1. Report yes if some residue within region 122-134 is free of Cβ contacts under 8 Å to residues at least 24 places away in the same chain and not in a strand (DSSP E or B); otherwise report no.
2. Could you tell me whether Glu62 is under 20 Å from Arg182 (Cβ atoms) and of a type in the set (Asp, Glu)?
3. State which residue pairs qualify: first residue farther than 13 Å from Asp174 by Cα and inside region 269-290, second residue in a strand (DSSP E or B) and of a type outside the set (Val, Ile, Thr) in any location, beta carbons under 6 Å apart, and separation of 6 or more residues or different chains.
4. Condition (residue is open to solvent by 60 Å² or more (accessible area, probe 1.4 Å), farther than 25 Å from Leu176 by Cβ, free of Cβ contacts under 8 Å to residues at least 24 places away in the same chain and not in a loop (DSSP other than H, G, I, E, B)) applied to region 103-121: is it met by at least one residue?
5. Filter region 59-90 for residues that are assigned to a strand (DSSP E or B) and in contact (Cβ under 8 Å) with a residue 40 or more places away in the chain; which is farthest from Val299 (Cα to Cα)?
6. Please count how many residues of region 248-267 are within 14 Å of Pro201 (Cα to Cα) and part of a loop (DSSP other than H, G, I, E, B).
7. Any idea which of (1) at pLDDT below 90; (2) surrounded by fewer than 13 Cβ atoms within 10 Å (Cβ to Cβ); (3) closer than 22 Å to Gln6 by Cα is the one Gly95 doesn't satisfy?
8. So which residues in region 232-267 are exposed (fewer than 13 other Cβ atoms within 10 Å of the Cβ), within 27 Å of Leu167 (Cα to Cα) and either modelled with pLDDT under 85 or in contact with a Gly (Cβ under 9 Å, 6 or more places away or on another chain) (or both)?
Amino acid sequence: MQRNPQLNDAGELQHLLSIEGLPREILTQILDTAESFAGVTEREVKKVPLLRGKSVFNLFFEPSTRTRTTFEIAAKRLSADVINLNIAVSSQTKGESLLDTVANLSAMQADIFVVRHSSSGAPFLIARHVKSHEHVINAGDGRHSHPTQGLLDLFTIRHYKKDFSGLTVAIVGDVLHSRVARSLIHGLTTLGASEVRVIGPQTLLPTGVEALGVKVFRDMREGLRDCDVVVMLRLQNERMNGALLPSAQEFNKHYGLTAEKLALARKDAIVMHPGPMNRGVEIDSSVADGPHSVILPQVTFGIAVRMAVMSIVAGN
């Protein structure tokens, strides 16, 4: 049997490249560790010395504000040295290969590489070429995977709902271009959610998405009925080629989350969004800022989850 490239010989987490293929025990270990770090953000001194003397390199080959910032805060709270590389104006634009860039940084005594790249699989490629004491964390690759966002969504759901068994979760909108949706679906099915639904127009759902173990709904009202958790996805206009949608207004009419549509879900349903939000397109302000929304706590939990991932890989 082929060894999971994310795990070392002892079956511990060496790199975080994808939620897909990770056993339930490791997902639970990450969520439990994040739970212990959630309290750190409340303290006056928000630092723990777990990564003192370690160097974390943020390699963002694609723009990101929220993910890069939360990784930076998380690493600093673990007392690591953080180096942010603005790749857009660096050696990559001068023609240096991805692996040469990483090899040079490795020579500067890197311990953890946090990688975001527009090409699916780039973090996997880097993980195959780093030294045994170095760790790679995928901060989003192409349309493939965004494991820490998936994990912070799982953490948020567990925080509010306590348990995954018996939960019905609806993921709504542009599933086709969403690496978050993919990561979250794998996590939810591994952790035993009762039913995972995807809701969206045919043009924004991946072919054969049912194979991931989800139920597909084209009608949003039908799909939201009796849901415990509603995850809205951003319309990723920058990744769309051709006319996948008539217009943003048309999308909002059929698939935008309004208070009236949300009323079909359970009374205590929570509403999530990985951000950034297009208000008035995939979600109305009255819902985004309303009592069911846990969108801002998601961001806060993201720091604890990224602290957990970095501390676990660095300890293995």
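1. As a first pass, look at region 122-134 and keep what is free of Cβ contacts under 8 Å to residues at least 24 places away in the same chain: 132-133.
Now restrict to residues that are not in a strand (DSSP E or B): 132-133.
So far as region 122-134 goes, yes, one or more of its residues are free of Cβ contacts under 8 Å to residues at least 24 places away in the same chain and not in a strand (DSSP E or B).
2. The answer is yes for Glu62.
3. Sorted first by the residue in region 269-290, then by its partner, the pairs are Val271/Ser293; Ser285/Arg279; Val287/Leu257.
4. Within region 103-121, one or more residues are open to solvent by 60 Å² or more (accessible area, probe 1.4 Å), farther than 25 Å from Leu176 by Cβ, free of Cβ contacts under 8 Å to residues at least 24 places away in the same chain and not in a loop (DSSP other than H, G, I, E, B).
5. Going through region 59-90, the residues assigned to a strand (DSSP E or B) turn out to be 59-60, 81-86.
The next check asks that each one be in contact (Cβ under 8 Å) with a residue 40 or more places away in the chain; those that pass are 59-60.
Values: Leu59: 21, Phe60: 19 Å.
Applying the filter and picking the extreme gives Leu59.
6. Qualifying residue count for the region: 1.
7. Of the numbered conditions (1) at pLDDT below 90; (2) surrounded by fewer than 13 Cβ atoms within 10 Å (Cβ to Cβ); (3) closer than 22 Å to Gln6 by Cα, the odd one out for Gly95 is (3).
8. Correct list: Ala259 only.
The values are calculated or read from the model by the stated rules, or taken from the named source; none is laboratory data. Quick caveat, the model's predicted, so the values are computed rather than measured. All Cβ positions, even for glycine, are placed from backbone atoms using ideal geometry, and neighbour counts span all protein chains on display. To get the accessible areas, we keep the full protein, side chains included, count just its heavy atoms, and leave off ligands, DNA and RNA. Shrake-Rupley method; radii C 1.70, N 1.55, O 1.52, S 1.80 Å.
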